[in-house]
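This report concerns only the one structure given below.
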Amino acid sequence: MKLRFYILLVFICTFSFSVFAFVGLDNTHEILTYDTYEIFVDKKEPLRVHVSAEVRIKGDTLYMNPNCPNYDYPEGWTSFVKDLTITTLKGKPVSYEYVSKSKWVIEPNREEVLKLDYEVDLSFTKIRWDVGNEQAGFTDGKSVYTVSKALFIYSNMDSASMVSFNLPSQWNLAVPWNLMKDRNEYTFYVANRETLLENSLVYGDFHLEKIQHGAFQFTLALLGDARKDSELFNSILSKITRAYLKIFDKTPTSNYLVTMFYAALNDGESFNTSLTFTLKDPINEHNKIIWANQMAHELFHYWNSDLIIAENRTDRQWFSEGTAEYYANMTLIREGIIPESIFQNKVEKVLGLYQNYRGWREGKTSLLEAGKNKGVHRFLVYNGGWAVAMALDIEIIENSKGQKNLDDFMRSMFDKFSTTPYTYQDLVETASIVAGTDLTDFFAKYVEGTELLPLNEYLGKLGYTMLDIIYEAEMYLVKKSDDQLGLHDTWLRKKP
Ligand SMILES: [Zn+2]
């Protein structure tokens, strides 16, 4: 096929950053090489963003992230890119052609760095996305939320980037990246391609709050009607974060962004160093089991998905979803965010569905295999993962005579596997080491195999009598008398 190249003449007189520079990060000085992206937003057209970039390149192809969850846009995020011009650093035009699937091919090129200028039309933030607007963008007319992959064109080199923003004065900016040392407050250092593209950001007039917990900094962004609920939202988010940081005491320095706005559905998306979720109903003290639980679940994925890395994506599903929901529920009760009665309802529901699905409906698929299709096997992946987390918590508490619990296992997984990915076998071994007993059989039966956990026994140890009708997915827990509570208080981490 004959390639047609369009020659574009451009005259650009914008300020160029040097792509080689000294920067100081964490008090060490090293020479870093990075791409630069300058983002300009004009008050008159807040949904039209101008990007001026200097990108290092090898070969002849430029890309955008191909994952766009909307069939109306078969060309994905490139559908929103307008007026792209490519030149050498000296301003010599470079011709290019767009080939499908979020790729541009440029003319044979000897330059190491190319200059790109383009506009991104963020009008898509105004429409409703079926998958949920947290996966694309949102605007309340005053501020704009967008996934970061909509903004950046990149080459095949996995470079670090410096991203800077030029916004109208008085506007706020919330991004999930660390400030670049010795630069202004709108210039950020982004360590790699994934952190650049798998994230989200907000600019404009919105509620912005920064919360510091040790090395972990939170930026909270609330848009639209959610702005007026900032106090309640913030107080609960702080409690949950503090609880998680106690478990993961070696959490690295990061600027984590949490964004929330109201939408048609309760939904959430966990990005590389950010989390966005949407809620259907206004938040209040009485519906915390819904919104605070959802927030706690998604936030836990920052540790168990993003920081604890798995070799195999499907193998880890029961573990990351199960523990995210387990820790969400447990943190809400342990921190006094929900009352025990609501917590008990939640446990009845989670385990009632697990028991029905595992013990009655689905006898062939193991929890481990269920990760291949977690939509279909939701009650194995989420509820089954939850049940295994509870059982492991009890196994560790019992075997260590109350000296250890599941938190120690999670901490150990984090300490061992935040740089090298873990395999399923690593997980089994780590659990066995923390429990001080060989748990190979336990995992063989309930995670690799299809046996139903003896829930009655485990719940008995936690001070509950279990009443159930398995084929109706019904379960009721009756709390035993005070002298028969067993591990109940230890399980809820109540101080003696
Ligand atoms: Zn999840």
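Just so you know, all these numbers are worked out from the coordinates, no wet-lab data involved. In this text the structure is predicted, and so the values were computed from the model without any measurement. Quick reminder, even Gly has a Cβ in these numbers, built from the backbone with ideal geometry, and neighbours come from all protein chains shown.
Before moving on, here are some points about what is shown:
- The calculated FRET efficiency for TYR98 paired with ASP426, based on their beta-carbon distance and R0 = 41 Å, is about 0.40.
- Ranking GLY402, ALA435, LEU367 by Cα position along the charge dipole of region 363-454, where only Lys, Arg, Asp and Glu carry charges on their C-beta atoms, puts LEU367 farthest toward the positive end.
- Region 89-106 - phi-based ³J(HN,Hα) in whole Hz, Karplus 6.51/-1.76/1.60, Gly and Pro as x: 4, 7, x, 6, x, 10, 7, 8, 9, 7, 10, 4, 6, 6, 10, 10, 10, 9
- Projecting the Cα positions of LEU353, SER320, PHE300 onto the charge dipole of region 298-356 (unit charges on Cβ atoms of Lys, Arg, Asp and Glu, taken about the Cα centre) puts LEU353 furthest along the positive direction.
- In terms of other Cβ atoms within 10 Å, TYR302, TYR458 run from fewest to most in the order TYR458, TYR302.
- Taking N as its residue count, the alpha carbon Rg of the chain over 2.2 N^0.38 Å: 1.08
- Once divided by 2.2 N^0.38 Å, the Cα radius of gyration of region 309-491 becomes 0.99.
- Summary value for the chain: 10 percent relative contact order, contacts being C-alpha pairs under 8 angstrom separated by 6+ residues.
- Gap separating the Cα centres of region 427-496 and region 352-372, nearest whole Å: 17
- Backbone HN-Hα couplings from phi across region 298-314 [Karplus 6.51/-1.76/1.60, Hz, Gly and Pro as x]: 5, 5, 4, 5, 4, 7, 9, 3, 7, 8, 8, 9, 9, 6, 10, 4, 6
- Going from the residue with the fewest nearby Cβ atoms within 10 Å to the one with the most, LYS288, LYS44, LYS103 rank LYS44, LYS103, LYS288.
- Rel. contact order, % - alpha carbon contacts under 8 angstrom, at least six apart, region 309-491: 27
- Around the amide H of TYR262, modelled in the peptide plane, lie the amide H atoms of ASP225, ALA226, LEU279, all under 5 Å away and 5 or more residues distant in sequence or on another chain.
- Ranked packing of 224-232, 110-118, 251-259, most packed first, by mean Cβ within 10 Å: 251-259, 110-118, 224-232
- Added length on full extension, which subtracts the Cα-Cα distance from 0.36 nm per residue, LYS126 to ARG242: 38.3 nm
- Equivalent-ellipsoid semi-axes of region 159-256, from the Cα gyration tensor, Å, largest first: 23, 20, 11
- Cross-link pairs LYS44/LYS82; LYS374/LYS445; LYS349/LYS495 - those with Cα-Cα distance over 23 Å: LYS349/LYS495
- Residues TYR471, TYR327, TYR476 arranged by fewest to most Cβ contacts within 10 Å: TYR471, TYR476, TYR327
- In order through region 212-225: 3J(HN,Hα) via Karplus (6.51 cos²θ - 1.76 cosθ + 1.60), integer Hz, x for Gly, Pro: 10, 10, x, 7, 9, 10, 9, 10, 10, 10, 10, 10, x, 5
- With a simple spin-label model that places each label point 7 Å from the Cα along the Cα-to-Cβ direction, the separation between GLN403 and LYS416 comes to 1.8 nm.
- Straight Cα distances below 18 angstrom link LYS92 to the aspartates and glutamates GLU54, ASP60, ASP83, GLU107, GLU111, GLU112, ASP117, with same-chain residues fewer than 8 positions distant left out.
- Taking the C-alpha atoms only, the angle from helix 340-356 to the longest principal axis of the chain is near 90 degrees.
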